[in-house]
């Protein structure tokens, strides 16, 4: 399937990809440090294992940044 | 309406010829009150540009003193200011740039007991803090008091910012919901930050404050602007206000501010590292 990840096209060979799986695939070391938005809707942190990423979804990984 | 003096006509001449600002906009700036929380990496460029722009009153919040490790990015402070309270050091520089600006130094950290009383004295708030506890505190307090504000965050080569018009546009919580677990937060002192990134993001925040006061242009509302200085890619991620947001949603569960455990971006400080 093809998704847009952070604005860029990505082809992914995975029949059943969850948000948790995507974060693992993207080697996000600290999933708790990223907010995930799919097609404009923020996914609750507790639903990463239950939320499936589908074809043509726009997925944005928004990192927490505390520095100032 | 206030009339500009000859000196002001000269000082602000580059604003006055902008059709989006002009004399009316400059008078609004001169009559405005902006609070800058944190006088560090972000607060430095923010407060310098706001002073230069002729913001009438600038509030500065910080309980820290200048440390030599700050000077790589906190350009409002100099080597001679080491150990001096940051708000005092910054006040001197802002007055030097523009003596007609009034500076209100707040030598303290914002917390649930003082935030509401302080922010209500200002038209706009700029978040230049270095920890999630204060970022969420500012968001909640500004939403509850209906004070517009600019969120800013930096780490390594990255920056992010959004402008929030409470109950009208997405707030910080609509996007980030709640502070991450304290143990997982990478600190600037551990992860590092490019000094110039603070300047890039802080100047965007200063521009947003000026745009809000004057009504020029369109604000960074309902969008998270992020950039990566390694590639210089800038990206706008559209956001929308969540009806289930705990603070600005239809049935809010946060009805007054409360303190979170303050997990600083710096090791020993918790101000504006």
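The values are calculated or read from the model by the stated rules, or taken from the named source; none is laboratory data. Small disclaimer: the values here were computed from a predicted structure and weren't measured. Note: ideal-geometry Cβ built from the backbone for every residue, glycine included; neighbour counts use all protein chains shown.
Does residue B:152 fit the bill of being surrounded by 21 or more Cβ atoms within 10 Å (Cβ to Cβ), touching a residue at least 40 places away in the same chain (Cβ under 8 Å), under 25 Å from residue B:117 (Cβ atoms) and in contact with a strand residue (DSSP E or B) (Cβ under 9 Å, 6 or more places away or on another chain)? Yes.
Here are the criteria: (1) crowded, with 16+ Cβ neighbours inside 10 Å; (2) assigned to a loop (DSSP other than H, G, I, E, B); (3) more than 9 Å from every other protein chain (Cβ to nearest Cβ). Tell me which single one residue A:61 does not satisfy. Just one mismatch for residue A:61, condition (2). Residues in region B:143-176 that are more than 9 Å from chain A (Cβ to nearest Cβ) and under 24 Å from residue B:74 (Cβ atoms): B:149, B:150, B:151, B:157, B:161, B:162, B:163, B:172. Condition check: modelled with pLDDT of 95 or more and in contact with a strand residue (DSSP E or B) (Cβ under 6 Å, 6 or more places away or on another chain). Does residue B:58 satisfy that? The answer is yes for residue B:58. Going through (1) closer than 23 Å to residue B:174 by Cβ; (2) more than 11 Å from the chain's Cα centre (by Cα) one by one, residue A:38 falls short only on (2).
Taking residue B:43 as the residue in question, decide whether it is in contact (Cβ under 8 Å) with a residue 24 or more places away in the chain and out of contact with any strand residue (DSSP E or B) (no Cβ under 8 Å at 6 or more places or on another chain). Criteria not met by residue B:43. Step by step: first the residues of region B:157-193, then only those that are surrounded by fewer than 21 Cβ atoms within 10 Å (Cβ to Cβ), in contact with a strand residue (DSSP E or B) (Cβ under 7 Å, 6 or more places away or on another chain) and modelled with pLDDT of 95 or more, then the one that is nearest to residue B:223 (Cα to Cα). Which residue is that? Filtering first and then ranking leaves B:158.
Note on region B:60-96: among residues that are in contact (Cβ under 8 Å) with a residue 60 or more places away in the chain and out of contact with any helix residue (DSSP H, G or I) (no Cβ under 7 Å at 6 or more places or on another chain), the one that is nearest to residue B:43 (Cα to Cα) is B:86. Looking at residue B:119, is it over 14 Å from residue B:61 (Cβ atoms), buried (at least 16 other Cβ atoms within 10 Å of the Cβ) and under 16 Å from the mean Cα position of the chain (by Cα)? In short, no.
Just one of the listed residues (B:236, B:240) is in contact (Cβ under 8 Å) with a residue 12 or more places away in the chain, assigned to a strand (DSSP E or B), within 10 Å of another protein chain (Cβ to nearest Cβ) and over 30 Å from residue B:56 (Cα atoms), namely B:236. Evaluated against (1) touching a helix residue (DSSP H, G or I) at 6+ places or on another chain (Cβ under 6 Å); (2) surrounded by 15 or more Cβ atoms within 10 Å (Cβ to Cβ); (3) at pLDDT 90 or above, residue A:6 falls short on exactly one condition, (1).
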